[in-house]
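Read-outs throughout are calculated quantities, based only on the coordinates presented, and are distinct from any laboratory measurement. Here the structure is a predicted model, which is why all the values come from computation and not from measurement. Cβ placement follows ideal geometry from the backbone for every residue including glycine, while neighbour counts extend to all protein chains displayed.
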Amino acid sequence: MAKLLRNALLSAICFCILLTAQASLHGDDSRSDSNSKRDAKDQKSTQQAKSRTLNIENENLAQELAREHLPQLTSVLKQLKTDQRRQYERAVWDLARSAKKLHFAQKRDEQLFKVELELLKAETAANLLAARLTVRDNPNDRSTLRDAVARLRTAKQTKMRYEIDMYQKRLERDQALLAAAEQSLSDFEENTKNTVIDSYQAMLRKAGRKPETSTPKKKRQKTVTTSSER
């Protein structure tokens, strides 16, 4: 009976690890272009199926992530590796994806790394407690889960505020670029040296030809007078 409960708990935890990874990655996917996602869907699913096979790199990434930031998963991974190999491989693949995401976030911005890490920790804690409750109801776990959900909500709000701040900075930068472009256009149009004739003369000089000093004069047409006009 104890073994059955342990296996059920491991399966539930593994499922929650998957949910955590998907939720973490969904935040980025939701901001990508929907048309591009549809076009690449089949290719992406094929690549994911191939990359799910266990490899040393993913295993090291998953174990390092658990050891440094998610210690509550260390014993879970060991038990999964012994008792449920297939679930272990799936958990390793998902944790490796989360580890890579954190790595890219850290290279991009230290603040973003902290935001993503706290969100991952909060999601993992809440999902682990939910996994325990799927196996056995416990008042203490319910109380702890409530606190974990509050922490998760705060982490999500923090990430949303970070994204809004980034969008605001990007908007300000784009507005500055727009103002500079409009000023350049105004200066160009008001500059008397940017007339067509001036540009034409400059091109002639560039081609090694002598610029025209003045516009050619029109030839006067001879008028024929009749005898009556004389």
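Charge dipole of segment 119-178 (Cα centre as origin; +1 on each Lys and Arg Cβ, -1 on each Asp and Glu Cβ, all else neutral): 120 debye, rounded to the nearest 20.
Remark: for residue pairs LYS169/LYS193; LYS81/LYS159; LYS78/LYS114, the C-alpha separation exceeds 30 Å in LYS169/LYS193; LYS81/LYS159. Here the residues ILE164, ILE56, ranked from fewest to most Cβ neighbours within 10 Å of their Cβ, fall in the order ILE56, ILE164.
Computed from backbone phi with θ = phi - 60° and the Karplus coefficients 6.51, -1.76 and 1.60, the 3J(HN,Hα) list for segment 152-158 is 5, 4, 5, 5, 5, 4, 4 Hz; x is used for glycine and proline. Listing GLU212, GLU116 from fewest to most neighbouring C-beta atoms within 10 Å gives GLU212, GLU116.
What the phi angles of segment 181-186 give under the Karplus curve with 6.51, -1.76 and 1.60, with θ = phi - 60°, is a coupling list of 5, 5, 5, 4, 5, 5 Hz, glycine and proline written as x. Label-to-label distance, LYS156 versus GLU182, with points set 7 angstrom from Cα along the beta-carbon direction: 3.9 nm. Each peptide in 102-108, 197-203 was scored by the mean count of other Cβ atoms within 10 Å over its residues; highest first, the order is 102-108, 197-203.
Residues in segment 140-146 carry Karplus couplings, in order, of 5, 5, 4, 5, 5, 5, 4 Hz; the curve used is 6.51 cos²θ - 1.76 cosθ + 1.60 with θ = phi - 60°, and Gly or Pro positions show x.
Counting only Cβ charges, +1 for Lys and Arg and -1 for Asp and Glu, the dipole size of segment 100-151 around its Cα centre is about 140 debye.
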